[in-house]
Amino acid sequence: MKKIFSLFAIGLLTASLCAQRLELKDITAGKYAQRSVQPVTSSADGESYFQVDSKNTMIIKYSYKTGLPTDTVFDVNKARDCTFKSFQGFVMSPDEKRLLVYNDYESLYRHSFKANYYYYDIRRNLVRKLTQNPSKQSIPTFSRDGRMLAYMSDNNIWLAKFDFDTESQVTKDGAIGKIINGGTDWVYEEEFGTTCLMDFSADSRLLAFVRFDETEVPEFSFQLYADRLYPDLFSFKYPKAGEANSKISCNVFDIDAKTIRKMNLPTNNVEYIPRIEFLPAGDELAVMTLNREQNDFSMYYANARSAVARQILHEKNDRYIDSELLNTIQFFGNQFTYISEKSGYSHIYLYESTGVLQKTLTSGNYDVTKLLAVDPVTKAVFFESAEEGALYRSIYKVDMVKGIKTKLTNKQGTNSATFSQNGKYFINRYSNTTTPAQITMNDAAGKELRVLEANTNLQNSLAALRIPKKEFITVKATDGTDLNAYIVKPADFNASRKYPLVMVQYSGPNSQEVQDKFGIDWTDYLTTQGFIVAAVDGRGTGARGEDFRKCTYLNLGIKESDDQVAAAQYFGSLSYIDKDKIAIWGWSYGGYNVLMSMSRGNGVFKAGVAIAPVTDWKFYDTVYAERFMRTPQQNMDGYNAGSPIKLASQLQGNLLLIHGSADDNVHFQNSMDYVNALVKANKQFDMFVFTDKDHSIGGAANRTYLFEKVTKFLKTNM
């Protein structure tokens, strides 16, 4: 009897261990995803925030300080004339007396969407459709006083005046594939991260907008196959490297006079206008511009009534200027902030509104990675930096007057913060490699007020698993530079064995894979299948100063692949790694670098998996490709040297090529042309296509299928 019980207990234990094994389908289904909190919208005074309830039926106002609800500003069950039972999102007016809610969300590209918007007057508790126009609306923009709203529909701008319950059409030349007013084209959305270029003046009497003429931009098309007898053709304007961009102009609509003026910028060297914004007072509009090479940045103040513009800020760079730095310009009073790399690292500078430099607010051999908020009352600037090293992020504030810097977070790992208006409070998200996200509410001094999400259930689930830990190390680049890396060994690692190695990487300019933060991914599953996993951030990656991240300029793919090859050779020298069984994996830019590394690595990689790879930079968009490579006409040698298509005959190792056929970002054309080059070179390879899937190949079922295929390929071909 005792023996039978013991066997039964052992059986239960074995079953329990099997049930708690890390399974791929659980990872792709999000079982080990970190819980977050619902997005919040700060009130104008920075003391409260607005948040949607879990059922998307109410918008509730909470106190940042106490976390307690103070008001329900919208409720579908109580609002008069409300015809819907839930909503998908909202936009609050600056005066907080009005808001918009929307339904029927229709995604366009990565960020942009259109929807049916509804206007809600909070004081009257009344809902109505924003417009009777049957076309959906996008990029709604409130006037500063909250009494008007501009929005785009069918590429034209419309203006709603709430006091008079009227709307009028501001522009009439908008046309799909030709003219865009107020919104942005594909490449602005993808590479500048903006979908709206409209803004109202401080007195709400002027509306500025950028007009795009994409008539001459070449059109790209791809077929959609699923559930169609005859495939549909999806076409959109996509400027490839060296081709025509949209022609742009900055305009101001005078609401009272009903006239549109084009702003006269005192230069012809303007290819891009990534950002416009009216100053906090007066009629001057800040217009931020870049030349085609993106190494010459100017900010102009345009008088919106006279249309005369003057240069306020100007910066040139021998390589390129990161357009994200333009978003660090924050106007307040008669000053503004700006992050520049002119010292060799990204640091914060304080300017007078006239463009005169007042003070350098941060300095040192580290990068400020984000400017988060400015409090003009306490004279504090809040920011994120990698001062403790590229692996880490912490939150700081600096006094604009005294120059005193204060660290606001005390846990080493990765901190990211979202501040209330004027920086009075912030929500901090912290994690490290072993700790899932800890989300807290903090005051401006960094004091933790309460925990919003501790991910306790996830931590408990992980405790029952044997999760391998990341070990941070450094390896040498070909020129001797130390490169940050991590290595992950199986939970049952045996140093006397030799393991196959899979190197995962992205490697793109200013990117990072090697950071002290939490995440359970398919690569953790790989370690349960007998693989060791490693990642190396080669030259060109982020948070290590300007020279390090820009050293790949004009020669993408060369140093990045050299560094992966050097790292593979180092790993192959370790006693527990089989140097004849090393593979490399990557997606997008990472997929590109897989092909470059396998073509330039002299056989160091036994296998490689390239997902949605660029195969020649001439196929990619103007803004990204030309920022790092200039145009093919200017740098044909660089384009050829960094083209996997041109290097197809040098490919060594077993290759699995994967792409989505409806990828609007890295077009399927990249893989198809590469296939042609491999066939001509008589290189055998494996390929898989996801029908009608875009660049992300999203969905739990798709991701499970993809990573099962990749895992099987690696097991078979190493």
- With the checklist (1) farther than 30 Å from THR552 by Cβ; (2) free of Cβ contacts under 8 Å to residues at least 24 places away in the same chain in hand, flag the one item PHE253 doesn't pass. (2)
- at pLDDT 95 or above and more than 26 Å from the chain's Cα centre (by Cα), is that true of VAL368? no
- Take the residues in the stretch 421-442 that are within 13 Å of ALA373 (Cβ to Cβ) and over 21 Å from the mean Cα position of the chain (by Cα), then tell me which one is modelled with the lowest pLDDT. ASN422
- Message: Would you confirm, using the coordinates I've provided, whether SER588 is at positive phi and of a type in the set (S, T, N, Q)?
- Response: yes
- Query: Can you tell me which residues in the stretch 287-316 are over 13 Å from PRO274 (Cα atoms), of a type in the set (A, V, I, L, M) and either surrounded by 19 or more Cβ atoms within 10 Å (Cβ to Cβ) or touching a Gly at 6+ places or on another chain (Cβ under 7 Å) (or both)?
  - Reply: ALA302, ALA304, ALA309, ILE312, LEU313
- Message: Looking at the stretch 691-703, can you tell me whether even one residue there is under 30 Å from LEU22 (Cα atoms), modelled with pLDDT of 95 or more and assigned to a strand (DSSP E or B)?
- Response: no
- Message: Of everything in the stretch 188-211, what is in a strand (DSSP E or B) and under 25 Å from the mean Cα position of the chain (by Cα)? Give them in sequence order.
- Response: CYS196, MET198, ASP199, PHE209, VAL210, ARG211
- Task: State which residue is farthest from GLY30 (Cα to Cα) when the search covers only the stretch 688-705 and only residues that are in contact (Cβ under 8 Å) with a residue 60 or more places away in the chain and surrounded by 15 or more Cβ atoms within 10 Å (Cβ to Cβ).
- Result: ASP692
- Note on the structure: Here the qualifying pairs (Cβ atoms under 8 Å; residues six or more apart or on different chains; first in the stretch 498-509 and closer than 18 Å to THR711 by Cα and assigned by TED's automatic domain parsing to the domain that holds ALA485; second surrounded by fewer than 20 Cβ atoms within 10 Å (Cβ to Cβ) and of a type in the set (Gly, Ala, Ser)) come out as TYR499/GLY530; PRO500/GLY530; LEU501/GLY572
- Considering the stretch 227-239, residues that are more than 29 Å from the chain's Cα centre (by Cα) and part of a loop (DSSP other than H, G, I, E, B), and then whichever is surrounded by the most Cβ atoms within 10 Å (Cβ to Cβ), we arrive at PRO231
- Residues in the stretch 212-226 that are in contact (Cβ under 8 Å) with a residue 24 or more places away in the chain and outside any loop (DSSP other than H, G, I, E, B): how many? 7
- Query: Which one is surrounded by the most Cβ atoms within 10 Å (Cβ to Cβ) among residues in the stretch 639-656 that are touching a helix residue (DSSP H, G or I) at 6+ places or on another chain (Cβ under 6 Å) and closer than 12 Å to PRO613 by Cβ?
  - Reply: PRO644
- Note on the structure: Checked the stretch 123-174 for anything surrounded by 15 or more Cβ atoms within 10 Å (Cβ to Cβ) and small (Gly, Ala, Ser); matches are SER138, SER143, GLY146, ALA150, SER153, ALA160, GLY174
- Of the criteria (1) in contact with an Asp or Glu (Cβ under 8 Å, 6 or more places away or on another chain); (2) touching a residue at least 60 places away in the same chain (Cβ under 8 Å), which one MET596 fails: (2)
- Query: Inside the stretch 344-443, counting only strands (runs of 3 or more DSSP E) that do not spill past its ends, which hold 2 or more residues that are β-branched (Val, Ile, Thr) and more than 30 Å from PRO468 (Cβ to Cβ)?
  - Reply: 368-375
- All-but-one check, ARG319 against (1) surrounded by fewer than 18 Cβ atoms within 10 Å (Cβ to Cβ); (2) under 16 Å from PHE297 (Cβ atoms); (3) out of contact with any strand residue (DSSP E or B) (no Cβ under 9 Å at 6 or more places or on another chain), failing number (1)
- Quick check: is even one residue across the stretch 672-687 under 16 Å from ALA612 (Cα atoms), under 30 Å from the mean Cα position of the chain (by Cα) and in contact (Cβ under 8 Å) with a residue 40 or more places away in the chain? yes
- Message: Looking only at the stretch 488-543, filter to residues that are in contact with a strand residue (DSSP E or B) (Cβ under 8 Å, 6 or more places away or on another chain) and charged (D, E, K, R); which one of those is nearest to THR28 (Cα to Cα)?
- Response: ASP524
- Item | So LYS247, is it closer than 18 Å to ASN156 by Cα and among the charged types (D, E, K, R) | yes
- Which ones in the stretch 475-495 are under 18 Å from ALA535 (Cα atoms) and acidic (Asp, Glu)? ASP482
- Residue, nearest to ASN422 (Cα to Cα), within the stretch 469-480, restricted to residues that are under 28 Å from the mean Cα position of the chain (by Cα) and part of a loop (DSSP other than H, G, I, E, B): LYS469
- Hey, GLU384 hits all of (1) within 26 Å of LEU285 (Cα to Cα); (2) surrounded by 19 or more Cβ atoms within 10 Å (Cβ to Cβ) but one; which does it fall short on? (1)
- Query: Is there a residue in the stretch 449-460 that is assigned to a loop (DSSP other than H, G, I, E, B) and among the hydroxyl-bearing types (Ser, Thr, Tyr)?
  - Reply: no
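The values are calculated or read from the model by the stated rules, or taken from the named source; none is laboratory data. This is a predicted model, so every value here is computed, not measured. So basically every Cβ, Gly included, is an ideal-geometry build from the backbone, and we count neighbours across all protein chains shown.
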